[in-house]
Structure formats: structure tokens, C-alpha cells
Amino acid sequence: MTATDNQETMGIDPYEKNWIRFAVTLLVVFMAAVTVAGFALGYQVPNKEARVDPTEIVNEGPFATPGVRQIGDNQFEAYIVARQFVFDPNTITLPAGATIDIYVTSPDLQHGFKITDTNVNMQIVPGQVSKLTYTFDQVGEYPVICHEYCGLGHAAMAGTVLVVAPGEFEGGSE
Ligand code: CUA
């Protein structure tokens, strides 16, 4: 066996080499995309905050009285029940600059909870509490949508976060 023979049998076909390069490039691109989303764009994943009995949330715990509560100077928390086909409370009013911990759960089936123009985007699963925190710096109206098909009324399942100037702020939720 000569050196030339050896190269022919052991070497990688140029065509295959290009595909390997392509696959490695894709991995690098995907890794960069995840890194940029996570650190530069503030992509956040809701954690499994707590487990609840979906049949009992209307009777006990903070979801029995859903709404927004002020817990500090500019700190708020919201307990929101997502069910066919409403969010309860449906409208959340906050002063600009407020930081809010948002807890959402469902008593019936899966829903979505996405606040437009923010990085708040959660999957709402019965029996599980999803939580994300967000600071609303800009005055405005932020539509909230359910992005998980949940039945005939799914398309109409929407709410609002209303962020007003701090001087105009009077209360939490409707
Ligand atoms: Cu709730 Cu779609």
C-alpha cells in the first residue's frame, strides 16, 4: 500500500467535509442566537414557581382573590387566573416604572400569556404556577394575548396592561 492509496482510503471526501463544515457552522450560529437572546435581548423562561390543585384555586390561596397588590414602593404582584376565555383580572393598571411579579395559573386547560412588546411570554399549565417579573418603564397600553389554542373562544382571549404616568395612578386591577 502506497502513501497515495492510504490517503484515498482514509481521507474525508471533500463533499462530506463541506457538509461537516456546514453542520459545525449551524451549531455556532444557533449557540450565538441563544447567547444573544439570553444576554442581550433579555429572553427569560418562566420557572415552575409552585404546584397548586387546579380544582381548588378558586377556593383557597392567592388565586381565590385574583388581582394586583402593591407590595413595596414601586413593587407590585399580580395573581392572574387564565381560564376559558378570559384573564382574571382582565385589565392591570400600573404606574410607569413599576416592577411587577406576575403569577399565572389555569383551572381548566393550557393557555398562553404573552404581554406584547415585552419579554413576558409564558405557557400556563393547570396545576402549575408560572412566574415572570417585568419593569414597565414606558407609559402605554400593552395587549395581553393567549397564544395557546384553548377552544372556540381562544381568539377572543385577551387582556390589557395599562401603564399610566405615576401621578395618574389610582389602583390595581379591574
Ligand atoms: Cu386561552 Cu387560547
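The values are calculated or read from the model by the stated rules, or taken from the named source; none is laboratory data. These numbers come from a predicted model, not from an experiment. Glycine gets a Cβ as well: all are built from the backbone with ideal geometry, and neighbour counts include every protein chain shown. Ligands, DNA and RNA are excluded from the accessible area calculation, which covers all protein heavy atoms including side chains. Shrake-Rupley method; radii C 1.70, N 1.55, O 1.52, S 1.80 Å.
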>> Can you pull out every residue in segment 103-122 that is aromatic (Phe, Trp, Tyr) and either surrounded by fewer than 16 Cβ atoms within 10 Å (Cβ to Cβ) or within 16 Å of the ligand (Cβ to nearest atom) (or both)?
In response: Phe113
> Residues of segment 110-122 being out of contact with any strand residue (DSSP E or B) (no Cβ under 6 Å at 6 or more places or on another chain) and at pLDDT 95 or above, which ones?
Replying inline: Gln110, Gly112
> For segment 123-174, which residues satisfy the criterion of being closer than 19 Å to Phe85 by Cβ, of a type outside the set (Gly, Ala, Ser) and open to solvent by 20 Å² or more (accessible area, probe 1.4 Å)?
Replying inline: Gln123, Val125, Pro126, Pro143, Ile145, His147, Glu148, Tyr149, Leu152, His154, Thr160, Glu174
> When the residues of segment 127-166 are filtered to those that are touching a residue at least 24 places away in the same chain (Cβ under 8 Å) and assigned to a helix (DSSP H, G or I), which remaining residue is farthest from the ligand (Cβ to nearest atom)?
Replying inline: Pro166
>> Show the residue pairs meeting these rules: Cβ distance below 6 Å; 6+ apart or different chains; first residue within segment 77-102 and closer than 23 Å to Gly127 by Cα and more than 16 Å from the ligand (Cβ to nearest atom); second residue in a loop (DSSP other than H, G, I, E, B) and open to solvent by 10 Å² or more (accessible area, probe 1.4 Å).
In response: Glu77/Ile71; Tyr79/Pro66
> For segment 76-122, which residues satisfy the criterion of being of a type in the set (Gly, Ala, Ser) and more than 17 Å from the chain's Cα centre (by Cα)?
Replying inline: Ala96, Gly97, Ala98
>> Kindly evaluate Gly72 against the criterion of being over 22 Å from His147 (Cβ atoms), away from the ligand (no atom under 16 Å from the Cβ), out of contact with any helix residue (DSSP H, G or I) (no Cβ under 9 Å at 6 or more places or on another chain) and open to solvent by 10 Å² or more (accessible area, probe 1.4 Å).
In response: yes
